[in-house]
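Below: one structure, written as structure tokens.
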Ligand code: UDP
Ligand code: MG
């Protein structure tokens with residue numbers, strides 16, 4: 001079935017090993033979308049799950065018209081999974097949502113209302129956020145720094161309950177980069193964005209798919225895809241450190257020359273050691289960052305597809 005019928009609203013939900021949450025999510029989501037009074041589709045992306053996620057999702061599209069399941073061949077990550085959903089979405093307005101029920105589906109009508117009023121990107125920030133305290137403190141910090149560096153104003157990067165107008169989705173679909181952070185990308189193209197508060201729940205079922213390492217990676221993606229500041233910082237830090245070590249050496253030299261502290265021999269030894277430490281620190285740091293960008297360039301030039309679809313499932317019956 002490939003009717004390229006437009007719908008008013010597409011709901012896009014990535015799912016990676018979410019077998020515990022999906023039934024509850026669907027039971028809460030379905031009444032909400034049915035009562036929107038708009039034509040809609042719900043697109044689930046199975047991001048290479050290794051549990052029963054795919055079979056549960058297929059169950060949904062056997063039961064309900066308007067559910068589609070994009071089954072990716074491997075785990076491509078939350079943002080690439082959403083990208084796959086965007087490529088398939090036919091809606092005039094597109095709403096993204098997490099599968100774990102941390103974003104309550106009841107908030108969807110609120111987002112659509114803002115979009116009706118002409119906002120092309122509706123962001124959200126979580127009030128009463130129910131995550132462990134260290135996650136909250138870390139994201140507060142990250143939100144601030146990222147906004148500064150990427151020159152954006154997003155209150156809460158972590159909240160994926162967001163609404164996008166068709167025009168924005170078309171632009172995102174055209175951006176071929178393979179590492180990105182969707183809310184930031186959308187914000188760059190938004191003409192009239194707005195952010196609204198939404199409720200947030202604790203993850204009740206299943207566990208977070210982001211460990212500390214994945215969170216650091218995600219933030220690195222976010223930084224490096226939206227600015228060159230990390231590179232420039234390294235250059236500046238390098239310059240600063242060189243200047244400082246030069247001043248330090250000068251100070252030692254003057255002390256030796258005028259006050260006669262220590263011997264010339266020991267002065268030279270100390271100076272060498274200090275300089276070596278400083279220089280190797282800078283070099284390592286700089287190499288790391290340069291490597292990061294080169295890695296990205298490599299990935300872009302290899303033009304690998306951002307995701308690979310194995311199969312698309314849709315409702316095939318004729319009821320409902
Ligand atoms: N997710 C995904 N692929 C991944 C990791 C996560 O599709 O590689 C989905 C996951 O199923 C969920 C959403 O992205 O729907 C957010 O993930 P999670 O709730 O684990 O992140 P957290 O809320 O802890 O930041
Ligand atoms: Mg979550």
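What follows is calculated from the coordinates using simple rules that are stated; it is not laboratory data. As the structure is a prediction and not an experimental result, all values here were calculated from the model. Because the Cβ atoms are built from the backbone with ideal geometry, glycine has one as well, and the counts that use them run over all protein chains shown.
For segment 128-279, what does the relative contact order come out to in percent, with C-alpha contacts under 8 Å and a separation of six or more?
It comes to 24 percent, rounded to a whole number.
For labels at residue 286 and residue 38 in the simple 7 Å Cα→Cβ model, what's the distance in nm?
5.2
Count the DSSP beta bridges whose two residues both fall in the chain, then state the antiparallel fraction as a percent rounded to the nearest 5.
Of the beta bridges lying entirely in the chain, close to 30 percent run antiparallel.
In deg cm²/dmol, rounded to 500, what helix-only [θ] at 222 nm does the chain give when every DSSP H run of at least 4 residues adds -39500 (n - 2.57) and the total is split over its residues?
-16500 deg cm²/dmol
May I ask you to derive the relative contact order of the chain, considering only C-alpha pairs under 8 Å and at least 6 residues apart, and to give it as an integer percent?
Relative contact order here is 24 percent.
Modelling each spin label as a point 7 Å along the Cα-to-Cβ direction, I'd like the residue 217/residue 173 distance in nm, to one decimal.
For residue 217 paired with residue 173, the spin-label model returns 2.8 nm.
Using mean Cβ contacts within 10 Å as the protection proxy, how do 137-149, 69-81 order, highest first? Before the final figure, lay out each step's value.
Numbers: 137-149: 15.0, 69-81: 20.1.
Answer by packing, highest mean first, reads 69-81, 137-149.
Determine the distance separating the Cα centre of segment 226-262 from the Cα centre of segment 167-216; give it in Å without decimals.
41
Take the chain, connect every pair of alpha-carbon atoms lying under 10 Å apart with a spring to form a Gaussian network, then pick out the residue of 219, 35, 173 with the largest mean-square fluctuation.
Taking springs between Cα atoms under 10 Å, the residue moving most is 35.
Per Stokes-Einstein, at 37 °C and 0.692 mPa s, what whole-number D in µm² s⁻¹ belongs to segment 113-218, with the Kirkwood radius over Cα pairs as the hydrodynamic radius?
Answer from the Stokes-Einstein relation: 219 µm²/s.
Got the relative contact order for segment 193-320 handy, in percent, Cα pairs under 8 Å and 6 or more residues apart?
Across segment 193-320, relative contact order equals 27 percent.
Over the chain, how many percent of alpha carbon pairs lie in each 10 Å bin up to the one with the longest distance?
5, 23, 29, 18, 9, 6, 5, 3, 1, 0
I want to verify a result. In a Gaussian network model of the chain, Cα cutoff 10 Å, which of these has the top mean-square fluctuation: 86, 220, 134?
134
Starting from 0.36 nm per residue, how many nanometres of slack lie between residue 228 and residue 136 once their C-alpha separation is accounted for? Mind showing how you got there, number by number?
Details: separation 92, 0.36 × 92 = 33.12 nm, distance 2.64 nm.
Stretched fully, the residue 228-residue 136 segment lengthens by 30.5 nm.
Picking from 187, 232, 270, which is most flexible by a Gaussian network model of the chain using Cα springs under 10 Å?
270
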